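This report concerns only the one structure given below.
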Amino acid sequence: MAELQEARIVGTPALDGRYIAEMDMWPLECQEFNRNYQFYDNLREGRFTTTKCKKCGHIAFPPGVICPKCWSEELEWVDLPRRAKVVTFTETQAGAPIGFPPPLILAWLGFGKDSPLKHLLVRIVNCAEGELKEGDEVKFVVFDVPSHPIEVKRETQIRDRVYYAFERVK
Ligand SMILES: [Zn+2]
């Protein structure tokens, strides 16, 4: 288990190098644990995607394994717009949850009437305190998050992970 002490799998610096599943704030993205693993594989290619129902055409976000409108399991992956406008936002300057350096900015985005995804509450990254304004244009970004260990056939493997946010278009 020595390799699990490596700093690169640390989700929270305060845990001093140990992996503690209960403190892991990121999803398990690999195929063995997540039926929506394709979403994360697409993120790795820089794609912002979700599932569309082949029967009724409904596009849901977040992606799922069953259509919430007609219960069909025949879904396909479609791309979503990667630019949006900030409708409103909150900025946490102190007391952000562990693992989130301040400012922690959460924004309600508008994607416009032609988008299948109209709105999304999402984190804004790479933005200094006081910099974001309502009406700003933002773009989709993918970033690395701490890896996590899984056990496959009694062998521990370290799986890389990614997640998404938006950032200001400068
Ligand atoms: Zn459907």
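What the phi angles of the range 149-161 give under the Karplus curve with 6.51, -1.76 and 1.60, with θ = phi - 60°, is a coupling list of x, 9, 9, 10, 6, 6, 10, 7, 10, 9, 10, 6, 9 Hz, glycine and proline written as x. Over 21 Å apart at the Cα level, from the set LYS52/LYS85; LYS55/LYS85; LYS52/LYS170; LYS55/LYS139; LYS69/LYS118, are LYS52/LYS85; LYS55/LYS85; LYS52/LYS170; LYS55/LYS139.
Under 5 Å between amide hydrogens, built in the peptide plane, is the criterion, and for LEU80 it picks out PHE48, THR49, THR50 among residues at least 5 positions away or on other chains.
Protein heavy-atom accessible surface, 1.4 Å probe, per residue over the range 63-170: 59 Å².
The distance between label points at LYS54 and LYS118 comes to 2.9 nm (points 7 Å beyond Cα on the Cα→Cβ vector). Taking every Cα-Cα distance in the range 75-126 and sorting them into 5 Å bins from zero, the calculated P(r) comes out as 5, 19, 22, 18, 15, 11, 7, 2, 0 percent.
Of the solvent-accessible surface of the range 38-105, computed with a 1.4 Å probe over protein heavy atoms with every protein chain present, carbon and sulfur atoms account for 52 percent.
With Rg and the Kirkwood Rh both taken from Cα atoms, where does Rg over Rh land for the chain?
Across the chain, the Cα-based Rg/Rh ratio is 1.00.
A dipole drawn for the range 28-170 from +1 and -1 charges on Cβ atoms has a positive end, and of GLY64, ASN42, GLN31 the residue lying farthest that way is GLY64.
Note that the range 82-97 has calculated 3J(HN,Hα) couplings of 10, 10, 8, 10, 6, 7, 7, 7, 10, 10, 9, 9, 9, x, 5, x Hz, one per residue in order, obtained from phi through the Karplus relation 6.51 cos²θ - 1.76 cosθ + 1.60 (θ = phi - 60°); glycine and proline are x.
Just the number, please: Stokes-Einstein D of the range 22-88 in µm²/s, Kirkwood Rh from C-alpha pairs, 10 °C, 1.306 mPa s.
Taking Rh from Cα pairs, D becomes 120 µm²/s.
Here the simple spin-label model places points 7 Å from the Cα toward Cβ, and for VAL78 and VAL162 these points are separated by 2.2 nm. Taken along the Cα-to-beta-carbon direction at a fixed 7 Å, the label points for GLU131 and ARG154 span 5.1 nm. Contact order for the chain, expressed relative to its length and based on alpha carbon pairs under 8 Å spaced 6+ residues apart, stands at 19 percent.
The values are calculated or read from the model by the stated rules, or taken from the named source; none is laboratory data. The model shown is predicted, which means the values in this text are computed figures rather than measured ones. Ideal geometry is used to build each Cβ from the backbone, glycine not excepted, and the neighbour counts take in all protein chains shown. Heavy atoms of the whole protein, side chains included, go into the accessibility calculation; ligands, DNA and RNA do not. Shrake-Rupley method; radii C 1.70, N 1.55, O 1.52, S 1.80 Å.
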